[in-house]
Structures are given as C-alpha cells and as structure tokens.
1. Given the condition on the phi > 0 side of the Ramachandran plot and among the polar types (S, T, N, Q), answer yes or no: does some residue in segment 55-62 qualify?
2. Being more than 14 Å from V122 (Cβ to Cβ) and open to solvent by 20 Å² or more (accessible area, probe 1.4 Å) is the requirement here; does S17 meet it?
3. With respect to I70, is the statement that it is of a type in the set (A, V, I, L, M, F, W, C) and open to solvent by less than 20 Å² (accessible area, probe 1.4 Å) true?
4. I'd like to verify a number: residues in segment 76-91 that are open to solvent by less than 10 Å² (accessible area, probe 1.4 Å) and under 24 Å from P124 (Cα atoms), how many?
5. Looking at K109, is it outside any loop (DSSP other than H, G, I, E, B), open to solvent by 50 Å² or more (accessible area, probe 1.4 Å) and within 19 Å of Q1 (Cα to Cα)?
Amino acid sequence: QVQLVESGGRLVQAGGSLRLSCAASGGTFSNYAMGWFCPAPGKEREFVATINRSGGITSSAESVKGRFTISRDNSKNTVYLQMISLKPEDTAVYYCAATYGSSWYTTLKEYDYWGQGTQVTVSP
C-alpha cells in the first residue's frame, strides 16, 4: 500500500512560480509511475503531467506544456511539479497519483493510489 502526501501549494500571484512535492511511502518508489492531476471547474480530475518510474519519460497536458515540469528523485521517494508563469485558471487542488508499471499513464483509471491534494491559488 502506497501513501502519498503532497505539499507546496499556496497563494501566489499570476506570473509567479511554485514547486509542488509529493512524498511517497509504503512501496518501492522506483517501481511506480507517477502523475499529477487537478479538477477542472465542475469536472472530475484531469491529467496534468506524468513521469515513468525511471524519470526518463515525461508527458504533460497541452494546457501546461512549457510551464509545468514533472520530475522525480527516486532516492528521496519524491515527485515534483515545477510550475512557472502561473495563471488564475491554474487555481485548483493538485493531486499526486501512483501506479505500478513501467510506462507512463495519463488517465485517472490507470492510477491506484492518490494523495489528499494540495491547494494552489493564483491571484490575478
């Protein structure tokens, strides 16, 4: 059983930057692909970014390409989401997710473990 704890969310002005962290425990971190998701207004969680278990392959949603970067440190059992050029529409609770596998995964149903989320608020 993998436990995930996100941190780093806060209030930031538009154009600012944040780095979210997600610390994992309870499993061999390097066996898990990781992802970040956040809900669109009135909708379920949507894909933001994913990284394979070695960190060599990443993918991100079109809406965040060039602004958000996912990375991981397997020695620290932690995945990160570096966010720059933040916009008010990026405001959301960001959730970290993990799934056992060698690929990278972009849909909710492919992930087995979820954190509690961290709130990011971007003011105009």
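The values are calculated or read from the model by the stated rules, or taken from the named source; none is laboratory data. Note that the coordinates shown come from a computational prediction; the quantities given were computed from them, not determined experimentally. Using ideal geometry, Cβ is built from the backbone for each residue, glycine included, and neighbour counts are taken over all protein chains shown. Keep in mind that these areas ignore ligands, DNA and RNA; they rest on the heavy atoms of the full protein, side chains included. Shrake-Rupley method; radii C 1.70, N 1.55, O 1.52, S 1.80 Å.
1. Within segment 55-62 (the criterion being on the phi > 0 side of the Ramachandran plot and among the polar types (S, T, N, Q)), the answer is no, since none of the residues qualifies.
2. Considered against the rule, which asks whether it is more than 14 Å from V122 (Cβ to Cβ) and open to solvent by 20 Å² or more (accessible area, probe 1.4 Å), S17 comes out as no.
3. On the way: of a type in the set (A, V, I, L, M, F, W, C): yes; open to solvent by less than 20 Å² (accessible area, probe 1.4 Å): yes.
The answer is yes for I70.
4. Here the count works out to 3.
5. Values: outside any loop (DSSP other than H, G, I, E, B): yes; open to solvent by 50 Å² or more (accessible area, probe 1.4 Å): yes; within 19 Å of Q1 (Cα to Cα): yes.
It is true that K109 is outside any loop (DSSP other than H, G, I, E, B), open to solvent by 50 Å² or more (accessible area, probe 1.4 Å) and within 19 Å of Q1 (Cα to Cα).
Yes/no per residue for (1) in contact with a Phe, Trp or Tyr (Cβ under 7 Å, 6 or more places away or on another chain); (2) under 16 Å from E6 (Cα atoms); (3) at pLDDT 95 or above; (4) not aromatic (F, W, Y):
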residue	(1), (2), (3), (4)
G35	yes, yes, yes, yes
D73	no, yes, yes, yes
S103	no, no, no, yes
Q119	no, yes, yes, yes
